[in-house]
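**Q** Sending over a structure as structure tokens; questions will come in a sec.
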């Protein structure tokens with residue numbers, strides 16, 4: 001079988017990226033949090049260090065302006081650009097979804113050497129419109145190189161865009177998505193799927209065995225905790241990361257000997 005990709009977000013400085021790669025992490029993800037201040041030299045240094053050590057760098061822009069993204073890609077030259085908007089088809093294909101498909105198509109044409117990762121939101125529990133996950137994936141598959149599952153916070157009232165920890169984007173919930181739906185995505189997709197959403201060292205083995213993804217991703221579940229047990233963004237717990245890598249490799253062996 002192929003090696004299971006281990007991807008870790010949010011890594012913003014070279015020294016932390018270097019330590020994570022020494023533990024066996026394959027993909028290092030960073031986040032550009034502002035369209036106005038998109039040029040961050042420490043993140044560019046992180047990207048270059050990851051590439052020099054044989055890893056793959058991934059960047060999430062928390063904006064979707066094509067011109068700024070093109071400037072950003074010229075500046076950072078990452079291996080992967082990762083889009084994670086809280087997309088939905090609740091009322092049919094929305095203008096925003098169509099615009100994002102066009103955005104990815106334009107980026108593929110301008111930067112064919114850079115891979116595109118698209119987050120596919122999946123709720124925690126089964127919902128009446130769970131087929132939306134596969135419909136969304138079909139919309140984006142031709143303009144994506146990877147899918148990444150992530151947990152969508154859904155409540156009986158309120159816009160899904162406002163309910164997420166980062167307004168308008170999925171991620172950093174610390175909650176697992178529905179693995180049955182994630183497994184359906186893996187089975188139907190023609191491109192690799194990374195399992196994310198509440199992945200921790202304690203559940204990554206079970207997640208791999210149930211979903212059978214091409215890789216796993218962790219952010220909140222491998223962060224340092226503060227004195228009240230809350231996750232600290234942009235600061236990784238090296239012991240947790242090592243445990244997660246070890247568990248992913250254990251799952252590889254278990255799958256090989258099935």
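**Q** What percent does the relative contact order of region 1-134 come to when contacts are Cα pairs within less than 8 Å and at least six residues apart?
**A** Working: 180 pairs, mean separation 26.2, N = 134.
Relative contact order for region 1-134 comes out at 20 percent.
**Q** Assign one of three labels to region 16-73, namely rounded, prolate or oblate, based on the Cα gyration tensor with a ≥ b ≥ c the square roots of its eigenvalues; rounded applies when a/c is under 1.5, prolate when it is not and a/b is larger than b/c, and oblate otherwise.
**A** Prolate shape, in that a/c is at least 1.5 and a/b is the bigger ratio.
**Q** By DSSP, what percent of the beta bridges with both residues in region 5-256 are antiparallel, rounded to the nearest 5? Working shown, then result.
**A** Values: 4 of 34 bridges.
Around 10 percent of the beta bridges assigned by DSSP in region 5-256 are antiparallel ones.
**Q** Divide by every residue of the chain the summed helix terms, -39500 (n - 2.57) for each DSSP H run of at least 4, and state the resulting mean residue ellipticity at 222 nm, rounded to the nearest 500 deg cm²/dmol.
**A** -11500 deg cm²/dmol
**Q** Tell me the relative contact order for region 192-248 as a rounded percent, counting alpha carbon contacts under 8 Å between residues six or more apart.
**A** Value for region 192-248: 37 percent.
**Q** Next question. Quickly rank 201-211, 221-231 as a protection proxy: mean count of other C-beta atoms within 10 Å, highest first.
**A** By packing density, highest mean first, the sequence is 201-211, 221-231.
**Q** For region 24-95 and region 197-258, what is the separation of their C-alpha centers, rounded to whole Å?
**A** Here the answer is 22 Å between Cα centres.
**Q** Related question: Let me check against my output: what whole-number percent is the relative contact order of region 5-256, with C-alpha pairs under 8 Å and at least 6 apart?
**A** Contact order relative to length: 17 percent.
All of the numbers you see were taken from the coordinates with simple rules; none came from a lab. Treat the numbers as computed from the prediction; the structure is a model and nothing was measured. Note: ideal-geometry Cβ built from the backbone for every residue, glycine included; neighbour counts use all protein chains shown.
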